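The values are calculated or read from the model by the stated rules, or taken from the named source; none is laboratory data. None of these values were measured; they are calculated from a predicted model. Note that we place each Cβ from the backbone using ideal geometry, even for glycine, and neighbour counts take in every protein chain shown. Just the protein is used for accessible areas: all its heavy atoms, side chains included, with ligands, DNA and RNA removed. Shrake-Rupley method; radii C 1.70, N 1.55, O 1.52, S 1.80 Å.
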Amino acid sequence: MMASSDVDVRGEGSLFSDQNPSEMDALCPSPPGPSRPQRNYERIGGQTGTSFCQTLIHLLKGNIGTGLLGLPLAVKNAGLVLGPVSLLCMGVIAVHCMRLLVKCSHHLSGKVNRPSLTYGEAVQYGMENVSWLRRHSQWGKRTVNLFLIITQLGFCCVYFVFLSDNVKQVVEAANATTFSCHVNNTNQTQILVPSFDSRLYMLCFLPAIILLVFTPNLKYLAPLSLVANLVMTASLVLIYFYSLTHITYPINLPKVGRAKDYPLFFGTAIFAFEGIGVVLPLENKMQRPQSFSLVLYLGMGIVTFLYISLGTIGYMCFGAHIGGSITLNLPNCWTYQAVKLLYCFGIFITFALQFYVPAEILIPPVVARVSERWEMAVDLLLRTVLVIFTCALAILIPELDLVISLVGSVSSSFLALIFPPLLQIVTFHTEGLSPLVTAKNAAISLVGLVGFLTGTYIAVEQIITRNGLKHEETLSSFMVQ
């Protein structure tokens, strides 16, 4: 999910600097060339920039991650009919908001004579179009950067929980793992050898992840990133195959879920669709940027199809027993244990890519304040602190489905649904924006705001409830002993 200024962004600046990095900047550097107005929306130099296919692959990679694996549970929360329909509607709205962001960026970059703008800069210059917002335009950029940091660190928390849950299940079932992929009648892996608490697994991963984020340049991880993409693709194919071939008939699943669970669906779905952070970096790096609209519609069409199909098929296959990630429901055989481990490898490498964004926003301003002798030590110390912080948050909330829903509701709703329509209103308000467009944009932002409020409330309530139940179980088992 992936949902994602060059790597050597160092030097002076505020905490939320002008350059808003993404993992794309390391693996796909900006090509040389004149500004957008000068090059008439066309790269100069023929072969510079990314091709259509490269951009499409990066767009798919930026949107497909752990969020996809959580969608069967999201469909369960919404219902077998309402879930897929809601995913389709959310996909259409998310793509529309991505298009709005690109359109506003084009318009504003032309006005300020800049080759390209980041998400935060687009909001800043958009606010400068409104006289009473002009004084506070810097806060617009800082707010976007804050939500980018929250989102990316939230992804890292989800990765800790995902890694610990899946590896824990593989370890606990190791003695019973066979070459037969038949499962029990609940379609769940039988756990036969109790192991450590999942939070201890997170602590075991912590040193390896700290060493991973010490990588000075993400280009060194490019070969591993390619391997990670290939193994995650192969794993997804096997997950699809198993889910399709093990649907039980007749299907007696609720067509519409409980109203109380729908906000959890919203949080998980918007978490999955939150690839808006990589849209502008991808468009800015294209060899032929005028083709980006086709890339966006084709790529997000594929993503929406994958989301709806896996969400629906996974729920039909595993029913009420579906877990926070569909991998947790796969059978206890070597083929699907390998699927879990391969996907974990892909997520492990992806951690460094997601971590790059908040690290490059937060760390350089601090490093710039110390002497050159201490720069490396301070840089590594801050990276260590950030990773420990994400691990601590994951340990506090070791519930994969609720962490995904909470991150989606809190931050992804703002970046993907609330900000883009408001940006179009402030960008074009002096140029005769029709009342119909204004009303449509206000409605989309309102949907995002309601989703943020209800999704956050229900996710926090569920986290408190589950933690309370766990404490009661621990206390009762202690009393028995």
Full-stretch length increase - Tyr457, Phe305 - with 0.36 nm per residue and alpha-carbon distance subtracted:
51.8 nm
Point-to-point label distance, Ile247-Ala442, nm (Cα→Cβ direction, 7 Å offset):
4.3 nm
Those lysines that a straight Cα-Cα span of less than 17 Å connects to Lys285, excepting residues fewer than 8 apart in one chain:
Lys61, Lys103, Lys219
Compute the Cα gyration tensor for segment 225-268, then decide on rounded, prolate or oblate, letting a ≥ b ≥ c be the square roots of its eigenvalues: rounded whenever a/c is under 1.5, prolate when a/b is larger than b/c in the other cases, and oblate in all that remain.
oblate
Setting aside same-chain residues fewer than 8 positions from Lys260, which lysines have a Cα under 30 Å from its Cα?
Lys76, Lys440, Lys470
Please report the carbon-and-sulfur percent of the accessible area for segment 289-428; probe 1.4 Å, protein heavy atoms only, DNA, RNA and ligands left out.
76 percent
Mind jotting down the distance between the C-alpha centroids of segment 62-138 and segment 434-458, whole Å?
12 Å
Cα Rg, Dmax (largest Cα-Cα span) when computed across segment 344-459, Å:
19.6, 58
Give me the distance in nm between label points sitting 7 Å out from Cα along the Cα-to-Cβ direction at Ala259 and Val112, one decimal.
4.4 nm
Shape of segment 181-334 from its Cα gyration tensor (a ≥ b ≥ c, root eigenvalues): rounded if a/c is under 1.5, otherwise prolate when a/b > b/c, or oblate?
oblate
FRET E, pair Phe389, Ser434, Förster distance 30 Å, beta-carbon r, rounded to 0.05
0.10
Rg followed by Dmax, in Å, when segment 72-130 is reduced to its Cα trace
17.1, 49
Over segment 61-163, average the accessible area per residue using a 1.4 Å probe and give it in Å², no decimals.
32 Å²
Along segment 122-139, Karplus-curve 3J(HN,Hα) (6.51, -1.76, 1.60; θ = phi - 60°) to the nearest Hz, with x for Gly and Pro, reads 4, 5, 4, 5, x, 5, 5, 6, 10, 4, 7, 9, 4, 5, 9, 4, 4, 5
How far is the Cα center of segment 261-295 from the Cα center of segment 364-422, in Å?
20 Å
For Val130 and Cys204, calculate 0.36 nm times their separation in residues minus their Cα-Cα distance, and state this gained length in nm to one decimal.
21.5 nm
Distance in nm between pseudo-label sites at Asp197 and Thr465 (7 Å out along the Cβ direction from Cα):
2.2 nm
FRET efficiency for Ile57 and Glu472 from the Cβ-Cβ distance with R0 = 56 Å, rounded to 0.05, comes out at 0.70
Mind ranking 75-85, 261-271 by how tightly packed they are, going by the mean number of other C-beta atoms within 10 angstrom, highest first?
261-271, 75-85
